[in-house]
Amino acid sequence: MTRQMTGAKMVVQALKDQGVDTVFGYPGGAVLPIYDEIFQQNDIKHVLVRHEQGAVHMAEGYARSTGKPGVALVTSGPGATNAVTGLTDALMDSIPIIVLTGQVPTFMIGSDAFQEADTVGITRPCTKHNWLVKDTNALAATLHEAFHVATSGRPGPVLIDIPKDVQFATGTYQAPVKGGSKRYKPQVKGDLDAITELVAALETAKRPVFYTGGGVINSGKAASQLLREFVDATGIPITSTLMGLGSYPASGANWLGMLGMHGLYEANLAMHGCDLLINIGARFDDRITGRLDAFSPHSKKAHIDIDPSSINKVVRVDIPIVGDVGHVLEDLLKVWKSRGRKVNREAIAKWWTQINEWKKVNCLSYKGSETTIKPQYALQRLEELTKGMDRYVTTEVGQHQMWAAQFLGFEDPNRWMTSGGLGTMGYGLPASIGVQMAHPDALVINVAGEASWLMNMQEMGTAVQYRAPVKQFILNNERLGMVRQWQQLLHGERYSQSWSESLPDFVKLAEAFGCKGAKVDNPKDLDDAIMEMIKYEGPYILDVLVEKHENCFPMIPSGKAHNEMLLGDADTQGAIGAKGAVLV
Amino acid sequence: MAALNIKKGSNSHSAYNLRPNFSDVIEKHTLAVVVDNEAGVLARVIGLFSGRGYNIDSLTVAEIDHAGHRSRITICTTGTPQVIEQIKAQLGRIVPVHEVHDLTVEGPSVERELALLKVAGEGEKRVEALRLADIFRASVVDSTLKSFVFEITGTPDKIDAFADLMRPLGLVEVARTGVAALSRGA
Ligand SMILES: Cc1ncc(C[n+]2csc(CCOP(=O)(O)OP(=O)(O)O)c2C)c(N)n1
Ligand SMILES: [Mg+2]
């Protein structure tokens, strides 16, 4: 179907044709024609944010919690530059989002016009792909291509820069073609020989472990289902990265918990001691591997990833399989079943005995308190009181994020939204709003640190305007806690600039925004405070005053191996050498 | 804490030496990259090299198929085998990149570069320059009473050798195109 219409109308039409129901955005001179079209329709809901960074994180939250791409719309110049952090965040965590930016008219590009910025130049390294559309007749095809590129292969952010004259001009609209473009077609099926090689290795492995990541979640719900089937049928232990939590249920029999820098003792030691490591949709990030030359030293390594550049990037693997996790898992299961469902049961039982020994260390234990709320305790209570609910959790970045990953259990994929690769403070609040927009009736909680939360707190206005009942669960230690922890361990307890001074009164702040807030500082009152927050029908800020100097353990210090984990404060003396200190 | 009695910090079977061919030797590779001839594609390729810290020894680009909007970029780069593999995989990830060929490993190939060299001098030196140019099959494309501009085509090594010889004879300026390369045979 082709029709004549203006570029601005094409934008709205293309979004509708792509099944978009929500756009997060902020208007300005260079996108006024598009906003005019948005005004004249009712199919797409526009969420007016308070800062463009918020719009992009909301789109990320929407995408991560639904599996559908998120969309943000911002103006030229400052609107576009404000979107850069969100784009980079989405690139690092492979989140499919489409960001539309206005641009000065084509005939003014290059003249340093008002609010002109080289948006495609600035965002080239922080998008999967981007386009400057100079001809209205090319706009529709580009918009459809953008959805295709963002969502296929390894997902990621894309950006389309649309000059104002292109929005005003009339051209021919083309509806999307089935199956996307011909030119971008990533490989989804894995090589059957490699898959068979992996099955053979798995049949004889004595100490195998699954190491899964965000790729399982990106591949879709079916991939998580296949993973569960495979793990449970083989009886092989499974750990996951921060990004992959929920693909295998936390209550599952084979679950070891998260691995990595603040991962569980048993998970990290299983990685260190295994003889077969099966990486599914993870990328051997430095938060996971610790010291590379001591990473999982005795294992044969298999790696399933849709992005060929992830394979052998940092860790040399023996069995590389390029393909979509869902497709590969399906084939893996098929081949494994057809060969007689073999595993080395006896050896794996012994492996579990060893792992259960490690579990006894009880690495998440902490010293409780009757008088102050320990952050770990706050999360345990939150978990206990919200478990089983239709719950989504987002986080900010810092100690609270790691504790949330350790103490909250996720039974399903798409329930946990956090900034992993970029570690963006200020992600959680807007992301929680994006999630809530997609799931209006769900319980959406942002586990926040007070410092991170302040970075995008203006979005509380957005939550109130759209009656998004997001729960802001602030673990307030009046510290940039994670920074303070590193300074304690690495910089001779010289706490340079790691206090949160002059904090606002969060209860009054909630009131000022027109929502509700409460403060709790006594462990005895915590349950009631949490229940109050959950029951309240509207956005809510709970200021949880927690222990100020708690450290997050276990911890693999930078430059150390998995078997050199620190378990508690007693372990920390001189734990990080000069070499580790230069790492981040 | 001993995990399975593995020595603390053990690295005898480290992630780096699971495969013997994963060497630290720096290799020189010539890559041919076929791309859509669209705005910004060269910036994407160059940005990839600068952003990830890869080397570019030379880079040439020109349209090769006007109707199909295709350009060919020839890149000479250096790195360990692992880095070279990464470069190819990262290039393949760029949306408008269609093909990445490593001419260095895909079989025999021919490489040519064109250079223009301005040599100024009089008397014996001038005669010697002309004599050497003849040996190297360089041709004179411009001449004054005090200078020549030579045109030479060949491998980068040949051009290096010629430039080295011209230096004491009054080499004043060099312009080189960078390498164009094709695989041999059909
Ligand atoms: C935008 C940004 N700036 C700086 C940092 C570095 N950083 C990491 S954690 C952290 C402290 C976070 O403090 P808070 O949000 O209160 O969390 P806590 O660690 O106290 O739980 C900082 C400054 C970052 N990750 N992101
Ligand atoms: Mg804090």
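Based only on Cα atoms, what Rg/Rh ratio does segment A:371-416 have, Rh being taken as Kirkwood's radius? Write out the running numbers ahead of the final one.
Numbers: Rg = 10.8 Å, Rh = 11.2 Å.
That ratio is 0.96, to two decimals.
Treating each Cα of segment A:477-562 as one equal point scatterer and applying the Debye formula with no solvent, the log10 of I(q)/I(0) at q = 0.11, 0.15, 0.21, 0.27 Å⁻¹ comes out as -0.45, -0.73, -1.00, -1.27.
What is the interface area between chains B and A, defined as buried accessible area summed over both chains with a 1.4 Å probe, reported in Å² to the nearest 100?
On the way: alone 11710 and 22820 Å², together 31410 Å².
So the total buried area for this chain pair works out to about 3100 Å².
Per residue, the Cα convex hull of segment B:43-186 amounts to 148 Å³.
Residues of segment A:282-305 buried by at least 40 Å² of accessible area upon assembly of all protein chains, compared with the chain on its own (1.4 Å probe): A:LEU292, A:ASP293, A:PRO297, A:HIS298.
Based on Cα coordinates alone, diagonalise the gyration tensor for the protein assembly as shown, multiply each eigenvalue by 5, take square roots, and list the semi-axes in whole Å, largest first.
Details: eigenvalues 467, 253, 134 Å².
Its equivalent ellipsoid spans semi-axes of 48, 36, 26 Å.
Accessible surface calculations at 1.4 Å, restricted to protein heavy atoms, place segment A:316-388 at 51 Å² per residue.
For the set B:SER50, A:SER224, B:SER58, the ranking by accessible area, highest first and with no ligand, DNA or RNA atoms included, is B:SER50, B:SER58, A:SER224 under a 1.4 Å probe.
Exceedance of the 23 Å cut-off in Cα-Cα distance is limited, within the set A:LYS45/A:LYS182; A:LYS134/B:LYS88; A:LYS185/A:LYS342; A:LYS189/A:LYS337; A:LYS185/A:LYS337; A:LYS221/A:LYS471, to A:LYS45/A:LYS182; A:LYS134/B:LYS88; A:LYS185/A:LYS342; A:LYS185/A:LYS337; A:LYS221/A:LYS471. Around A:MET533, under 9 Å between beta carbons, what's the net of Lys plus Arg minus Asp minus Glu among the other residues? Around A:MET533, the surrounding residues sum to +2.
The figure for B:VAL34 is an accessible area of roughly 10 square angstrom, using a 1.4 Å probe on the protein chains alone. By its C-alpha gyration tensor, with a ≥ b ≥ c as the square roots of the eigenvalues, how is segment A:1-156 shaped: rounded for a/c under 1.5, else prolate for a/b larger than b/c, else oblate? Cα axes put segment A:1-156 in the rounded bin.
How far apart, in nanometres, would the label points at A:ASP527 and A:ASP293 be if each is projected 7 angstrom from Cα along the Cα-to-Cβ direction? Simple spin-label model gives 5.3 nm for this pair.
R0 = 35 Å: FRET efficiency of A:GLU411 with A:GLU478, Cβ-based, nearest 0.05? Intermediate values should be presented prior to the final figure.
On the way: r = 33 Å, r/R0 = 0.95.
Taking R0 as 35 Å, the efficiency between A:GLU411 and A:GLU478 is 0.55.
Taking label points 7 Å from Cα along the Cα-to-Cβ direction, A:TRP499 and A:THR2 give a separation of 6.9 nm.
Counting other Cβ atoms within 10 Å, keep those with at most 11, restrict to DSSP loop, and tell me which GluC sites (Glu not before Pro) in segment A:486-569 are left.
The qualifying sites are A:GLU493, A:GLU501, A:GLU537.
Counting only protein heavy atoms and using a 1.4 Å probe, the accessible area of A:SER152 comes to about 20 Å². Between B:ALA133, B:ALA161, B:ALA39, the Gaussian network model of chain B with springs among Cα atoms under 10 angstrom shows the greatest mean-square fluctuation at B:ALA39. Measuring r between the beta carbons of B:HIS66 and B:LEU114 and using R0 = 22 Å, the FRET efficiency lands at 0.50.
How far, in nm, would the chain grow between B:ILE56 and B:VAL25 when pulled straight, counting 0.36 nm per residue and subtracting the alpha carbon separation?
Details: separation 31, 0.36 × 31 = 11.16 nm, distance 1.72 nm.
So the extension gain works out to 9.4 nm.
Available extension along the chain between B:ARG167 and B:LYS125 is 14.0 nm, counting 0.36 nm per residue and deducting the alpha carbon span. Nonpolar atom fraction for the protein assembly as shown, defined as the carbon and sulfur part of the 1.4 Å probe accessible area, stands at 52 percent.
With the other protein chains left in place, how much accessible area per residue, in square angstrom, belongs to segment A:18-136 at a 1.4 angstrom probe? That works out to 35 Å² per residue. Suppose R0 equals 25 Å. What FRET efficiency, 1/(1 + (r/R0)^6) with r the Cβ-Cβ distance, do A:ASP21 and A:LYS508 give to the nearest 0.05? Calculated transfer efficiency: 0.10.
The solvent-accessible area of A:THR2, taken with every protein chain present and a 1.4 Å probe, is close to 90 Å².
Estimated at 0.36 nm per residue, the fully extended path between B:LEU132 and B:ILE46 surpasses their Cα-Cα distance by 27.3 nm. Loop sites here are GluC sites (Glu not before Pro) outside DSSP states H, G, I, E and B with no more than 15 other Cβ atoms within 10 Å. The longest part of chain B free of them is B:39-105. Note on surface exposure: A:HIS439, A:HIS491 rank A:HIS491, A:HIS439 by accessible area, highest first, 1.4 Å probe.
Please compute the per residue accessible area over segment B:100-175 with all protein chains in place, 1.4 Å probe, rounded to a whole number of Å². Write down the numbers at each step before the final one.
On the way: 4400 Å² over 76 residues.
Result: 58 Å² per residue.
For the set A:MET108, A:MET243, A:MET565, the ranking by accessible area, highest first and with no ligand, DNA or RNA atoms included, is A:MET108, A:MET243, A:MET565 under a 1.4 Å probe. For segment B:40-80, the extents of the C-alpha atoms along the principal axes are 37, 18, 13 Å, listed from largest to smallest. Each Cα pair under 8 Å and six or more residues apart adds its sequence gap; the mean of these over the residue count of chain B is a relative contact order of 24 percent.
Estimated translational diffusion coefficient (Stokes-Einstein, Kirkwood radius over Cα pairs, 37 °C, 0.692 mPa s) of segment A:197-264: 267 µm² per second.
The values are calculated or read from the model by the stated rules, or taken from the named source; none is laboratory data. Here the structure is a predicted model, which means the values were calculated and not measured. Glycine also receives a Cβ, built like all others from the backbone with ideal geometry; neighbour counts cover every protein chain displayed. Accessible surface areas use protein heavy atoms only, side chains included; no ligands, DNA or RNA. Shrake-Rupley method; radii C 1.70, N 1.55, O 1.52, S 1.80 Å.
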